[in-house]
Amino acid sequence: MSTEGPNHEATLLSQELCSFISECPSPFHTVRAIGERLERAGFLRLSEVDSWRIERGGRYYTTRNDSSIIALRVGEHVDVPCFRMVSSHSDSPTYKVKDVPELEGPGAYVRINVEGYGGLIDRTWLDRPLSIAGRVLVQDKDVLRSYLIAPSEDLLLIPSVAIHQDREVNKGGALNRQIDMCPLFSAGELGQGGFGAMVAQALGVDPERIMGHDLMLVNRQPAVVWGAAGEFVSGPRLDDLQCAHASLQAFLQTSDEQGICVYTCLNNEEVGSGTMQGALSTFVPQTLRRICDGLASEDGLCASTDLYARALARSLLVSCDNAHAVHPNHPELYDTNNRVWLNQGVVIKESAAQRYTTDAVSRSVFKLLCRRADVPVQAFANRSDSPGGSTLGNLLVRNASMSAVDVGLPQLAMHSSYETAGVLDTFYLLRALREFYDTPLQFCADGSIAIG
């Protein structure tokens, strides 16, 4: 077995990523894990329902609906604010358990009624041990309390139909989510109400006190670094926890004093972001405006629309979401030149239809920052006869308009229950984003940009 491969620091970072993925089986767990890391680093939690007191040199974070999070580090010497913001998302394609979860029969079987969340590859969820994770709302007298749940046991499985009963199974027939994708929960030992009783037991509460839940199916296979040369990292939810983790590490490792560094990880990207906590919501623009208003108040000034508008005009967003690496068996599916590969650098994504926000300005700024950080860069565009997907950037800038670039890490099997990426690329993104957070940017009136 070869001893050559990714450097030691890159391997350690990917091993940390594997541990982070295990901590984050649902968006609610992801936000909790990020919040715990921020608090250990001295960040103060701010509640949206309270008044905020913002000071230069302060470190803050806030959450919305327990599934999206924004962290901010305000420089000691901020004059007119400018935001250097990195965004990723906390959700991944999965199946959501319906409110009335149990399907009885046939026979003594108990199945769970689920609905697809996001653009799943359904067949990758078959014949593997599954569990659940998410949040449960519990009545405590006249108060509703939210609890996270993520049992460590295998609880469910979606069985394939044997080839003897489906001779066409290898010819690529579509699966019906209402019929084929219902997980098996019991063969008869657990009757009606067994699922709710299991959830209640895990929380240590009476079943009748459970008022609601947001529960997802979870692939139980651990994330791993693998390969004869240690080149690969595979796991569930790489899209987008790989970017969420690397950008968080970069955010925590930098200390610019001139601007305002912002980290965001938002829910519901996989279903269009049109929720109260998604990229299309008021969460990001309201938070940025409150920071500007807080700084104005510290200076003895009234809240200023002008200050907020000037801040956005001086700001840059790096939207981080993974990209499609060339598939080893199907290279014909990718653009001739604008195609990307595992372990060959951070991807800059561009789309003429503006599904990605990248333009010549933001591409040039980010490429220069990567060059300064000694990070290789790759260019991605979809084939011209394929529409491709979209991500956070073009949605965020609708309500908080600033210059923006869409980047990501190359991966295989996007939206599978178990995805694959390169060990070196996580390390490259960390280095690039450290450079971004550490480098003052000045957008000048003549259209030029001063870097550093």
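The values are calculated or read from the model by the stated rules, or taken from the named source; none is laboratory data. Treat the numbers as computed from the prediction; the structure is a model and nothing was measured. In this analysis, Cβ positions are derived from the backbone assuming ideal geometry, glycine residues included, and neighbour counts consider all displayed protein chains. For the accessible areas, the whole protein counts, side chains as well, though only heavy atoms, and no ligand, DNA or RNA atoms are used. Shrake-Rupley method; radii C 1.70, N 1.55, O 1.52, S 1.80 Å.
How many percent of the accessible area of the range 1-150 is carbon or sulfur, using a 1.4 Å probe?
46 percent
I'd like the Karplus ³J(HN,Hα) series for the range 316-328: coefficients 6.51, -1.76, 1.60, θ = phi - 60°, whole numbers in Hz, and an x wherever there's a Gly or Pro.
Values, residue by residue: 9, 10, 10, 8, 10, 8, 5, 10, 7, 6, 4, 6, x Hz.
Summing -39500 (n - 2.57) over the DSSP H runs of n ≥ 4 in the chain and dividing by its residue number, what mean residue ellipticity at 222 nm do you reach, to the nearest 500 deg cm²/dmol?
-8000 deg cm²/dmol
Identify which of the listed values of Cα extents along the principal axes in Å was calculated from the structure shown: (1) 73, 60, 42; (2) 74, 56, 39; (3) 61, 56, 43.
Matching entry in (1) 73, 60, 42; (2) 74, 56, 39; (3) 61, 56, 43: (1).
Between the range 326-378 and the range 141-180, what's the alpha-carbon centroid distance in Å?
35 Å
With a 1.4 Å probe and all protein chains left in place, how much of the accessible area of the range 205-312 comes from carbon and sulfur atoms, in whole percent?
52 percent
Given a 1.4 Å probe, how much area per residue of the range 205-354 is accessible, in Å²?
It amounts to 39 Å² per residue over the range 205-354.
Where does helix 360-372 land angle-wise versus the long Cα axis of the chain, in degrees 0 to 90, nearest 10?
90 degrees
Taking the Cα centroid of the range 199-242 and of the range 402-452, what is the distance between the two, rounded to the nearest whole Å?
Measuring centre to centre over Cα atoms gives 26 Å.
K349: which lysines have alpha carbons under 19 Å from its alpha carbon, excluding same-chain residues fewer than 8 sequence positions away?
Output for K349: K367.
What longest range of the chain stays clear of loop-exposed GluC sites (Glu not before Pro) (DSSP non-H/G/I/E/B, at most 16 other C-beta within 10 angstrom)?
258-452
Using a probe of 1.4 angstrom, how much of the accessible area of the range 321-452 is carbon and sulfur, in percent?
For the range 321-452, the apolar C and S fraction of the accessible surface comes to 47 percent.
For helix 8-23, report the angle its Cα long axis makes with the longest principal axis of the Cα atoms of the chain; keep it between 0 and 90° and round to the nearest 10°.
Computed tilt is about 60 degrees.
Can you tell me the 0 to 90 degree angle between the C-alpha axis of helix 194-203 and the longest principal axis of the chain, rounded to 10?
Value to nearest ten degrees: 40.
Are there trypsin sites (Lys or Arg not before Pro) in the range 128-196 that DSSP marks as loop and that have at most 11 other Cβ atoms within 10 Å, and which are they?
When the trypsin sites (Lys or Arg not before Pro) of the range 128-196 are filtered for loop state and at most 11 Cβ neighbours within 10 Å, K141, R167 remain.
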